[in-house]
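Notes for the one structure printed next.
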Amino acid sequence: MAKEINKLDAKTIKNLSYDPNINNKYTDGGGLYLLVHKNGSKYWRLDYRRPISQKRNTLALGTYDTVSLKEARLKRDEAKRKLANDIDPAEERNNHRNEQKAKLENTFEKFSAEWLKIRELEGKVDRETVRKLNRDILPFIGKKPVTDLTVEQLERDVTHSLVERGALESARRVKSIMGMVLKLPFKKRLITYNPAYDITLPKPIKGNHNAIVIESELKMLLQKIWRYHTENPRARLRTELGLKLSAYIYQRPNEIRELLWEHIDFENQRLCFRASKTHQEHIVPLSRQAFDILKQLEDMRTTSKFVFPSIKSPHESMSEDTIRQALNKLGYKGRHTAHGFRATARTILGEELEYRIDIVEHQLAHTVRDPNGTAYNRTKFLRRRRELMQLWADYLDTLRQGGDVSVFKPRTDENIISFNNGKIA
């Protein structure tokens, strides 16, 4: 038996060369042999019979130099053990290759595109979803097989950076998008659980004012505000104008409802008043849209010193309950407050439009500190703040009218998933 196997040795193999007069097949025993090709290459092969059909088959074991004689014998012995357990080594190898190929093909990016096509058929695709995929998700996990994704990886590579920069709403939305995408491979049983569902994000601070901070929802809110008086003829037009102004200038509710005519500098198109919380002089540059609203209110001016006088007395301002009730009537009870317009602007300007947050903070009349102490003063960043207020107003109008708000956002050099003629590429 010893003479029938391990017939070859390293020296013999090294000296073998192609001979056109013979079959160039050098056996080592046990079905293992070395095949010398006319190009000089030497291939390890193993002949065997398939476990079920008993048909002859040949298994490639690699080339000499890459696979040594010792390694080739070990592969032969391993194949023999599998055959003894009715496992076809060639079939097993093919299955493994197919699994690996499928794994590499089943990337997060692939299922993202598939998910977007489904949403498109359902009429749900929006460019902001695509933008979040392209900017916050796909650059980090797009090429990774879905079978390799874990909760820890999704947190480390995707949501952590959003949380670090305070973009909690973006992190929440990104988590939701990843969860919806990974539903597809889960339903196809390619993964056994959806790791996105277990991502941990900081909980909102209790006591924060409810606010709409998702573009699609903000669009609906704005459209309803702009129809408020038309659809509620008994409501005061001033209430609708108060809602619009709140959206455009996002100052504190009491600062808007208690706004005095003397606070309006029509010539320089700005408001000047003392911020109610910081008690510092504050300047609010007026966008064209906000200026037009104040001019419209000027046409409605009474003897009251207030821009928004009370319906009961010219000596009092609009009730703090007026805007709240109007928002409730629009269907936003518990979802958006008068103070929420500030959170809306702060979140979207910072996370979606990526405007310099220190400038946004100044315009919110927050106390902005630097290493030298309080950096707030009423004229700091005034030129940039004027640009900011016009940008915000134009963005709101474009969003409300169904335009392309991507023009207000930073552009990435490469879109991983893009649109062609309104369709997903």
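Points to keep in mind about this one:
- Condition check for Ser304: assigned by TED's automatic domain parsing to the domain that holds Leu222 and part of a loop (DSSP other than H, G, I, E, B): yes
- Pairs meeting the criteria (first residue in region 310-338 and free of Cβ contacts under 8 Å to residues at least 12 places away in the same chain, second residue aliphatic (A, V, I, L, M), beta carbons under 7 Å, at least 6 apart or on different chains) are Ser310/Met318.
- Only listed residue being modelled with pLDDT under 95 and farther than 18 Å from Thr337 by Cα, chosen from Pro253, Pro233, Pro285: Pro233
- Among the residues listed as Tyr18, Tyr26, Tyr48, the single one being touching a His at 6+ places or on another chain (Cβ under 9 Å) and either closer than 17 Å to Glu92 by Cβ or not charged (D, E, K, R) (or both): Tyr18
- Within region 142-188, the set of residues being in a helix (DSSP H, G or I), surrounded by fewer than 20 Cβ atoms within 10 Å (Cβ to Cβ) and of a type in the set (S, T, N, Q) comprises Thr147, Gln153, Ser161, Ser176.
- Some residue of region 324-336 being outside the structural domain of Arg165 (by TED's automatic domain parsing), surrounded by 18 or more Cβ atoms within 10 Å (Cβ to Cβ) and on the phi > 0 side of the Ramachandran plot: no
- Residues of region 105-135 satisfying the condition of being surrounded by 14 or more Cβ atoms within 10 Å (Cβ to Cβ) and free of Cβ contacts under 8 Å to residues at least 60 places away in the same chain: Thr107, Lys110, Arg119, Thr129, Lys132
- Of the residues contained in region 352-361, one or more are found to be over 24 Å from His229 (Cα atoms), surrounded by 20 or more Cβ atoms within 10 Å (Cβ to Cβ) and either of a type in the set (Ser, Thr, Tyr) or without any contact (Cβ under 8 Å) to a residue 60 or more places away in the chain (or both).
- Verdict on Ile52 being in contact (Cβ under 8 Å) with a residue 24 or more places away in the chain and β-branched (Val, Ile, Thr): yes
- Test result for Arg270, crowded, with 19+ Cβ neighbours inside 10 Å and either in contact with a Pro (Cβ under 6 Å, 6 or more places away or on another chain) or assigned by TED's automatic domain parsing to the domain that holds Glu169 (or both): yes
- Any hit, region 74-82, residues being farther than 30 Å from Val146 by Cα and assigned to a strand (DSSP E or B): no
- Residue within region 94-101 that is more than 30 Å from Arg50 (Cβ to Cβ) and either hydrophobic (A, V, I, L, M, F, W, C) or assigned by TED's automatic domain parsing to the domain that holds Trp44 (or both) present: no
- Residues in region 271-324 that are among the acidic types (Asp, Glu) and farther than 29 Å from Phe381 by Cβ: Asp299, Glu316, Glu320, Asp321.
Rundown of residues vs (1) farther than 30 Å from Arg189 by Cα; (2) without any contact (Cβ under 8 Å) to a residue 24 or more places away in the chain; (3) exposed (fewer than 13 other Cβ atoms within 10 Å of the Cβ), yes/no style:
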site: Ala10; (1), (2), (3): yes, no, yes
site: Asn24; (1), (2), (3): yes, yes, no
site: Asp28; (1), (2), (3): yes, no, no
site: Val36; (1), (2), (3): yes, yes, no
site: Leu61; (1), (2), (3): yes, no, no
site: Leu69; (1), (2), (3): yes, no, no
site: Lys82; (1), (2), (3): no, yes, no
site: Asp86; (1), (2), (3): no, no, yes
site: Pro89; (1), (2), (3): no, no, no
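- Of the residues making up region 48-56, none is of a type in the set (Ser, Thr, Tyr) and over 20 Å from Leu83 (Cα atoms).
The values are calculated or read from the model by the stated rules, or taken from the named source; none is laboratory data. No experiment lies behind these values; they were computed from the predicted model shown. Here Cβ is always computed from backbone atoms with ideal geometry, including for glycine, and neighbour counts include all displayed protein chains.
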